[in-house]
Amino acid sequence: MSHHSPIGIFDSGFGGLTIFRKIRELMPQYDYIYLGDNARTPYGNRSFETVLKFTAEGVQYLFSQGCPLIIIACNTASAKALRSIQQQYLPKTYPERRVLGMIRPTVESIQNKTRSNTVALWGTAGTVNSQSFVLEMVNHAPKVELIQQACPLLVPLVEAGELEGEGLEYFIKKYWKQTEIQNPKIDTLLLACTHYPLLKNKIEKILPKNIQILSQDELVAPSLAEYLQRHPEMELLITTGGNCRYLTTDQCDHFDHLARIFMGQEITSEKIELKEVKLLDNPRHVSLNAEKESAAG
Ligand code: DGL
């Protein structure tokens, strides 16, 4: 029997596929398992406790499949659950394995990209309210002022396949108006939700030409490649061959249909059930400290 120890990619649903697509393009040699918790998506408006519970269950499942390294390819889960998982769950259960998130690699790459040191962030309400990006900026991009704007309707529009059209345009204009009014010096917009890379072209057409748009899929994949270079002991554990499994907690046909849009190729998924995980003391306190280690760390 062949032994696989793939890189695990976890997301609340489809969004993480935008990140995974770039990771796989950059590092096609590794084996991967993608897990989307589609039965319980979206996570964007859920509480700390709930996002932590769901994320821990996904992480536990991917570990049970032999993943030595998991990327939480979801900003909301990275903002609300990653720190608790890294600090409380991993040391007790899988001290030699690693779980990395989205926030730190994103923040570390921002600092060299803004000239006015004023960056806007669009994300889910959960990501914005967690303040995780702001806290991480204090350590890794202290000169940059971050203007946050929650865009709660963009995820449902993407999931409804509305990647063009007047409805989408209306909300992009509305969110931009609410953003720029907070600080006219903004020169960069960070798309801090895994669904938004699919809207990048549309957003670029609507926003003023002097605003640079940064999409996380372009930031996180190179950061993971660097991480693996710096951690050969981890790299050696990951099996190669380019095998890829797609798991979902909801109906496969729905997953396969939308995943095709995100990945730009035919996908065949498997349905799985997640089990409860025994955790954790004080998730809110721990999560607010943002990420301990990242693809860049
Ligand atoms: N993947 C989530 C994120 O990046 C968006 C979808 C959700 O709300 O679950 O924040």
> In straight Cα distance, which lysines are under 16 Å from LYS143, not counting same-chain residues fewer than 8 positions off?
Replying inline: LYS113, LYS185
> Using Cα pairs under 8 angstrom and six or more residues apart, how large is the relative contact order of region 30-101, in percent?
Replying inline: 34 percent
> Under 21 Å from the Cα of LYS278, which lysines turn up, not counting those fewer than eight places away in the same chain?
Replying inline: LYS53, LYS80, LYS92
>> Only four residue types carry charge here, +1 at the Cβ of Lys and Arg and -1 at the Cβ of Asp and Glu. Report the dipole size of region 212-270 about the Cα centre in Debye, rounded to the nearest 20.
In response: 100 debye
> Can you pull the Kirkwood radius for region 68-121, inverse mean 1/r over Cα pairs, to one decimal in Å?
Replying inline: 12.6 Å
> Å³ per residue of the Cα convex hull, for the chain?
Replying inline: 121 Å³
> Ordered by packing density, taken as the mean number of other Cβ atoms within 10 Å over each peptide's residues, highest first, how do 175-181, 255-261, 100-106 rank?
Replying inline: 100-106, 255-261, 175-181
> Carbon and sulfur atoms: what percent of the 1.4 Å accessible area of the chain do they account for?
Replying inline: 50 percent
>> If you count only protein heavy atoms with a 1.4 Å probe, what accessible area per residue comes out for the chain, rounded to a whole Å²?
In response: 42 Å²
> Once the dipole of region 1-132 is set up with Lys and Arg at +1 and Asp and Glu at -1 on Cβ about the Cα centre, which of PHE20, ALA56, ASN129 lies farthest towards its positive end?
Replying inline: ASN129
>> Can you classify region 95-184 as rounded, prolate or oblate using the Cα gyration tensor, where a ≥ b ≥ c are the square roots of its eigenvalues, rounded means a/c under 1.5, and otherwise it's prolate if a/b beats b/c and oblate if not?
In response: oblate
> For region 162-238, what is the convex hull volume of the alpha-carbon atoms per residue, in Å³?
Replying inline: 115 Å³
>> For a protection proxy built on the mean count of beta-carbon atoms within 10 angstrom, sort 134-143, 70-79, 19-28, 211-220 highest first, please.
In response: 70-79, 211-220, 19-28, 134-143
> Dipole magnitude of region 1-63 about its Cα centre, charges +1 at Lys/Arg Cβ and -1 at Asp/Glu Cβ only, in debye to the nearest 20?
Replying inline: 120 debye
> What is region 49-176's relative contact order, in percent, from Cα pairs under 8 angstrom and six or more apart in sequence?
Replying inline: 21 percent
> In whole percent, what relative contact order does the chain give with Cα contacts below 8 Å and a gap of six or more residues?
Replying inline: 30 percent
>> Taking amide H atoms as placed 1.01 Å from N in the peptide plane, list the residues 5 or more away in sequence, or in a different chain, whose amide H sits under 5 Å from that of TYR32.
In response: ILE7, ASN243, CYS244, ARG245
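The values are calculated or read from the model by the stated rules, or taken from the named source; none is laboratory data. Predicted model, so just to flag it, every value in this text is computed and none were measured. Reconstructed Cβ throughout: ideal geometry from the backbone, glycine too, with neighbour counts over all protein chains shown. We work out accessible area using only protein heavy atoms, side chains counted, and drop any ligands, DNA or RNA first. Shrake-Rupley method; radii C 1.70, N 1.55, O 1.52, S 1.80 Å.
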